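The values are calculated or read from the model by the stated rules, or taken from the named source; none is laboratory data. The shown structure was predicted, so the numbers you read here are calculated from the model rather than taken from an experiment. Counting neighbours? That spans all protein chains shown, and the Cβs are built from the backbone with ideal geometry, glycine included. The protein model used for the area step is the full one, side chains on, heavy atoms only, and it has no ligands, DNA or RNA in it. Shrake-Rupley method; radii C 1.70, N 1.55, O 1.52, S 1.80 Å.
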Number of protein chains: 2
Amino acid sequence: MAQKPSIPKGTRDFGPAEMSGRNYIFDTIKSVFKTYGYMPIETPAMENLGTLLGKYGDEGDKLLFRILNSGDAFSGVDFGSYATGDGKYNSKALSLKVCEKGLRYDLTVPFARFVVQHQNELSFPFKRYQIQPVWRADRPQKGRYREFYQCDADVIGSRSQMNELELVQIVDRVFTLFGINVLIKVNNRKVLAGLAEISGFPDKVVDITVAIDKIDKIGLEAVKAEMRERGLTESAVSVIEPVLTLKGGYAEKISVMRGLMEGRSASGIVSETGLKGLDELDELFGLIEAAGISQEAEIDLSLARGLNYYTGAIFEVKAKDFEIGSICGGGRYDNLTGIFGLPDMSGVGISFGADRIYDVLKGLDKFPKEVGTATRILFANMGTEEVKYLLPVVRALRESGISCEIFAESSKLKKQFDYADRKAIPFISITGGDEVSKGQVNLKNLSTGEQESFGKDDIDGILKFVS
Amino acid sequence: MAQKPSIPKGTRDFGPAEMSGRNYIFDTIKSVFKTYGYMPIETPAMENLGTLLGKYGDEGDKLLFRILNSGDAFSGVDFGSYATGDGKYNSKALSLKVCEKGLRYDLTVPFARFVVQHQNELSFPFKRYQIQPVWRADRPQKGRYREFYQCDADVIGSRSQMNELELVQIVDRVFTLFGINVLIKVNNRKVLAGLAEISGFPDKVVDITVAIDKIDKIGLEAVKAEMRERGLTESAVSVIEPVLTLKGGYAEKISVMRGLMEGRSASGIVSETGLKGLDELDELFGLIEAAGISQEAEIDLSLARGLNYYTGAIFEVKAKDFEIGSICGGGRYDNLTGIFGLPDMSGVGISFGADRIYDVLKGLDKFPKEVGTATRILFANMGTEEVKYLLPVVRALRESGISCEIFAESSKLKKQFDYADRKAIPFISITGGDEVSKGQVNLKNLSTGEQESFGKDDIDGILKFVS
């Protein structure tokens, strides 16, 4: 009995059409990374669990896919000692006993591990990009997968705002090439820390961050309510509130914020950290202005981004003309490699969301026409002699970079035309005995109906006709 | 205490230099696949174990990496019922209880699963290529890894020798582009089956195949000895022996073999299967002759290839000027999709060995010079004002496709030169206050020492100097 084929839930097959779109996305992003001197690396899908555990919080640890040790994984394990009664076991401890490896959960931790492990072979600042799948045992749902690609660029070993500038420029260029209008939102974690300080609750920076991160989803009033629930006083909330709705250009926003951080808020508290963050933002936007960008970049003081390891600039990119979450994001971190024994390495990175970018390009019909059509000419198979006659012609066309197919079987012409139709092949050649005897090759443009004959050595003529 | 970073044994990190070489290999192969109308697909790293088990023999089943079920994998498992005494367990049965998924072992079985699962969305003959990692819990040793890329092209749904021809042409073109001289060895499983028939041991085709597959490694005498050990009589061996050392062009070999298969061997047995295989080889080599290829292709009657699912043509490619095993191989199979419920789909495919091709290109120094050098110009950082002055120039160069870096920090020039040196950047610009006041950009070719100044808007002049 044959097995009904299926794949694990939360995973996907990508057929030719989707792959063409995805390759277009990755190739475009790579080509931009390269013009900024970013170099590719790849790390193994499997990491030692010690590398992964504890890096993503307790929830993250549960979402790691673990690999059963190979060979006899179970013999010698004292299962009884893991029993917790009622047929239940301490799965956490037991899985560590029988699994040493896990699938990577993101590209950031493997990158940190890579930098530390290979530090003596690398030139710093080290600029790398990495495009590989990651795996998470999340509950599958619409738009959330258990296997998906991340597409990251990071530079590590430099504190200069030049690096932030480059990432903004890369984002700008990538989405301009895609023809997607975006808003590049920028903030700085030090400004958020400063906000916590001047509100009088310097220890509540995480609470404040978590609350204001939701402003787009739940609105200002709900964010204020959440800050109160998280223990902020009314006066603290009133210090923070106006910041979240601040309008104007970057210079104006920075100027107002500088006033507050210098002690001119209701609390009168001065924040050195906040001022440092504003200096960084000021420097970055000065550089952006000097470089000139095609898209819009703005300071968004309500931008927080969830990840706790960010310590400086944070970025988030939204498509202006398509309703979807953030399609790119990132930020600066100061101690990513510390856990692996290399302290004081500041870095900054961004990550492009390939699945969402695919949806935006598709939704806005922005994929270039060439994407998805592979074969340019189908040579109908009229019999062995005709095929042998055509082979050198087809070879020359292929070596000129034109994708050609000779139909493999000398089937009825209808079947061959159907094949061209289903593969959206724009040109067909029906070269039969007549053409062979005249030394010709026949070509037809399937969309215009235009037809022409060429001498079999007139490769240039054929190239011109099909280009 | 910091963790000492490491990766699982048998896996690898690829740094920028290796990645450049690997991308060159994959990009070259992809570009050739495309000119033949092959389209990319990707399948998930994890497959249901039911898809993988039993497809690679008992040994293969043991080499599958299994993924522990997520959530609480152990509770409710009656471990006692799997105990076999002495603290040992039936690992095979127990692992099926706690693991539903495994990492793919090759790309062929997932491809078969894909074709069956998506048969209604595909146009047949379906030509796909697939370049993804696979995982095997093999004992790691030199040149054998637990994670490695496979790079496969297959066409399914056509019995025509045109498909075999295309694969030979693809191999020919790929290695010609690489500048590697190769010998493309071709045989046909039906001829091997015929050989078993005329030797009088039609049931021993696997034994004969396994033995003669080793001829390159152990030599003719040892192969004969092995055939005897595997139960062949002296007269059977004497029917097979001359075939293994047959010399001459394809037409000559086919002619001699046709005689034997028609009953003119010592046994006098006629093999219809063998004759069918010879017809296929004859047709294929006739097509190769008509198409013209740049490399050498020959019939090698001792070529067997281990995999049992091949039923027609088989291929193997060897580098002529570098000692290493086969760098590419493949063949025709008649019933790959049958196990998943789609019978009678004949297909043929090849697989390129990326790791070995990398070693050959490196060993023969055939990587193009550009491979591995990313950045073309390093703009030294002489301070914020100079950087701001340069930013529009650098932007224009990048948009023209030139990879540029501005050093992120205004460090000592020696440090900046060292960075250019370690990254093998061929041009440097030291544009200071003097050049800024004159509206110029300074450029130096680091290998020739040649130096020139350009107006800051003279992007064409700069492009010419660095190209």
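Structure values in brief
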item: Fraction of accessible area attributable to carbon and sulfur, chain A (%, probe 1.4 Å); result: 48
item: Relative contact order (%) - criterion: Cα under 8 Å, at least six apart; region: chain B; result: 15
item: Value at 222 nm in deg cm²/dmol, rounded to 500, when DSSP H runs of n ≥ 4 in the protein assembly as shown each add -39,500 (n - 2.57); result: -12000 deg cm²/dmol
item: Highest average packing first - B:201-209, A:385-393, Cβ atoms within 10 Å; result: A:385-393, B:201-209
item: Point-to-point label distance, B:K362-A:K320, nm (Cα→Cβ direction, 7 Å offset); result: 4.8
item: Closest approach to the axis - chain A beta-carbon, rotation onto B, Å; result: A:F79, 2
item: For segment A:1-52 versus segment B:77-140, the gap between their alpha-carbon centres in whole angstrom; result: 19
item: Diffusion coefficient, µm² s⁻¹, Stokes-Einstein with Kirkwood Rh over alpha-carbon pairs of the protein assembly as shown at 25 °C and 0.890 mPa s; result: 78
item: Segment A:377-466 - percent relative contact order, Cα under 8 Å, separation 6 or more; result: 31
item: Label 7 Å beyond Cα on the Cβ vector: A:G439 copy-to-copy distances, nm; result: 6.0
item: 10 Å-binned pair-distance histogram of segment A:143-221 (Cα, whole percent); result: 13, 28, 38, 19, 1
item: Residue mean of other protein chain beta carbons inside 10 Å, B:43-52; result: 6
item: Equivalent ellipsoid, segment B:290-366 (semi-axes from 5 times Cα gyration tensor eigenvalues, Å); result: 28, 15, 12
item: For segment B:185-313, diffusion coefficient by Stokes-Einstein and Kirkwood Rh (Cα), 20 °C, 1.002 mPa s, µm²/s; result: 147
item: Cross-link partners of B:K92 among aspartates and glutamates (Cα-Cα below 13 Å; sequence separation of 8 or more within a chain); result: A:D72, B:D58, B:E59, B:D61, B:E100
item: Reachable aspartates and glutamates, given that their alpha-carbon falls under 13 Å from the alpha-carbon of B:K320 and they are not under 8 places away in the same chain; result: B:E296
item: Accessible area of A:V109 in the full protein assembly, 1.4 Å probe (Å², nearest 10); result: 20
item: Two-site FRET efficiency, A:R422 against B:V206, from Cβ-Cβ distance with R₀ of 51 Å, rounded to 0.05; result: 0.80
item: Filter on A:K412/A:K438; A:K127/A:K253; A:K444/A:K464 - keep pairs with C-alpha separation over 20 Å; result: A:K412/A:K438; A:K127/A:K253
item: Translational diffusion of segment B:377-466, µm² s⁻¹ [Kirkwood Rh, Cα pairs; Stokes-Einstein; 37 °C; 0.692 mPa s]; result: 254
item: Share of alpha-carbon pairs per 20 Å distance bin for chain A, given as whole %; result: 19, 41, 28, 11, 1
item: Interface B:A - total buried accessible surface [probe 1.4 Å, Å², rounded to 100]; result: 9300
item: For residues of A:388-401, the mean tally of beta carbons on other chains within 10 Å; result: 4
item: Average Cα contact separation per residue, segment A:185-313, under 8 Å, 6 or more apart, as relative contact order %; result: 46
item: Rg and Dmax of segment B:94-176, Cα atoms only, in Å; result: 16.4, 50
item: Orientation-averaged projected area, Cα convex hull of segment A:321-445 (nm²); result: 13.7
item: Spatial separation of Cα centroids for segment B:194-211 and segment B:336-369, in angstrom; result: 27
item: Surface accessible to a 1.4 Å probe, A:T84 within the full protein complex, Å²; result: 90
item: Peptide-level mean, for A:423-431, of C-beta atoms on other protein chains within 10 Å; result: 1
item: Nearest-first distances (nm) between copies at A:A225, label 7 Å from Cα via Cβ; result: 8.6
item: If the convex hull is drawn through the Cα atoms of segment A:205-247, its volume per residue in Å³; result: 64
item: Cα-based reach from A:K4 at 18 Å (exclusive), listing lysines while leaving out same-chain residues under 8 positions away; result: B:K55, B:K101
item: Kirkwood Rh and Cα Rg combined as Rg over Rh, evaluated for segment A:232-284; result: 0.97
